[in-house]
1. Does the stretch 152-159 contain any residue that is out of contact with any Pro (no Cβ under 6 Å at 6 or more places or on another chain), surrounded by 11 or more Cβ atoms within 10 Å (Cβ to Cβ) and at pLDDT 80 or above?
2. Would you mind stating whether Asp113 is surrounded by 14 or more Cβ atoms within 10 Å (Cβ to Cβ) and either of a type in the set (A, V, I, L, M) or modelled with pLDDT under 90 (or both)?
3. Which pairs have Cβ atoms under 9 Å, sit 6 or more apart or on different chains, and link a residue in the stretch 172-193 that is touching a residue at least 24 places away in the same chain (Cβ under 8 Å) to one that is loosely packed, with under 10 Cβ neighbours inside 10 Å and of a type outside the set (S, T, N, Q)?
4. Given the conditions (1) closer than 27 Å to His68 by Cα; (2) out of contact with any helix residue (DSSP H, G or I) (no Cβ under 7 Å at 6 or more places or on another chain), and given that Gly83 satisfies all but one, which numbered condition is not satisfied?
5. Quick check: anything in the stretch 92-109 β-branched (Val, Ile, Thr) and closer than 30 Å to His68 by Cα?
6. Select from the stretch 123-137 the residues that are aliphatic (A, V, I, L, M) and surrounded by fewer than 10 Cβ atoms within 10 Å (Cβ to Cβ) and write down the one among them that is farthest from Arg111 (Cα to Cα).
7. Is it true that Asp128 is in contact with a Ser or Thr (Cβ under 9 Å, 6 or more places away or on another chain) and without any contact (Cβ under 8 Å) to a residue 24 or more places away in the chain?
Amino acid sequence: MAYTADKPPLWQSTDELRARIPGWGVDLDPKDRPSVPREQFDPDLSGAHWDFPERQTERWPRERSIEHKFLTPVFGTSCAPKGMSGKMRKYAYGFGEGRSAHWLILLAADRVDALESHLRSFLTLRPDNPVTETGVLSEFSHHGVASRVGKKRADLTHQPLDPIIVAGPWLAAGGVGYLGVKRLLKAARRTRRA
């Protein structure tokens, strides 16, 4: 079992493994291991004062991979799952870590979380400012063009896409907001006429 000092038992005997896997167990004989003179196996040398680590308390239900029997003893708590991105992350953990769906859904959840954070910033007194936060102004004040012309930089190939990737979501959000306000004004005019 993981997280304990006990070595898990082999599911096959040493001879069966050696017969099935060429070269398995070549370092079992201490004469064949170069680290033997310095190697010491003493469980007391680890410095651990426990056989199994203390379990961290869960403040909310944590995501857990289906490959694991239980949640790891220690886990991160900085970012609680919230909103649509939290639901996507919980759904992703229903797939095994070896499945593409698990990782692709987690990647999509990160993008949704970024969008949720941008939208949430509009409800505060200091919304996100894409011009200053992306460093676009430093392109003009710190020789941005000169550092690219005539150089063999790897980032030049995707540079034309950068404005689309950075400004695209903002323009799309602005367009959706504009259309929403336009519809509201149209509906208000209709109610005044009626």
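The values are calculated or read from the model by the stated rules, or taken from the named source; none is laboratory data. The structure presented is a predicted model; accordingly, all values stated were derived computationally and were not measured. Here Cβ is always computed from backbone atoms with ideal geometry, including for glycine, and neighbour counts include all displayed protein chains.
1. no
2. Details: surrounded by 14 or more Cβ atoms within 10 Å (Cβ to Cβ): yes; either of a type in the set (A, V, I, L, M) or modelled with pLDDT under 90 (or both): no.
So Asp113 does not fit the description; no.
3. Listed by first residue and then by second, the contacts come to nothing, as the list is empty.
4. The number of the failed condition is (2).
5. From the stretch 92-109, those β-branched (Val, Ile, Thr) are 105; that's our starting set.
Still in the list and also closer than 30 Å to His68 by Cα: 105.
Yes.
6. First, the residues of the stretch 123-137 that are aliphatic (A, V, I, L, M): 123, 125, 131, 136-137.
Subsequent filtering for residues that are surrounded by fewer than 10 Cβ atoms within 10 Å (Cβ to Cβ) retains 123, 125.
Numbers: Leu123: 19, Leu125: 23 Å.
Across the stretch 123-137, the extreme among qualifying residues is Leu125.
7. Details: in contact with a Ser or Thr (Cβ under 9 Å, 6 or more places away or on another chain): yes; without any contact (Cβ under 8 Å) to a residue 24 or more places away in the chain: yes.
Judged against the criteria, Asp128 is a match.
Here's the yes/no breakdown for (1) of a type in the set (D, E, K, R); (2) surrounded by 11 or more Cβ atoms within 10 Å (Cβ to Cβ); (3) in a helix (DSSP H, G or I); (4) in contact with a Pro (Cβ under 9 Å, 6 or more places away or on another chain):
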site: Ala80; (1), (2), (3), (4): no, no, no, no
site: Leu104; (1), (2), (3), (4): no, yes, yes, no
site: Leu119; (1), (2), (3), (4): no, yes, yes, no
site: Glu139; (1), (2), (3), (4): yes, yes, yes, no
site: Arg148; (1), (2), (3), (4): yes, yes, no, no
site: Ile165; (1), (2), (3), (4): no, no, yes, no
site: Leu184; (1), (2), (3), (4): no, no, yes, no
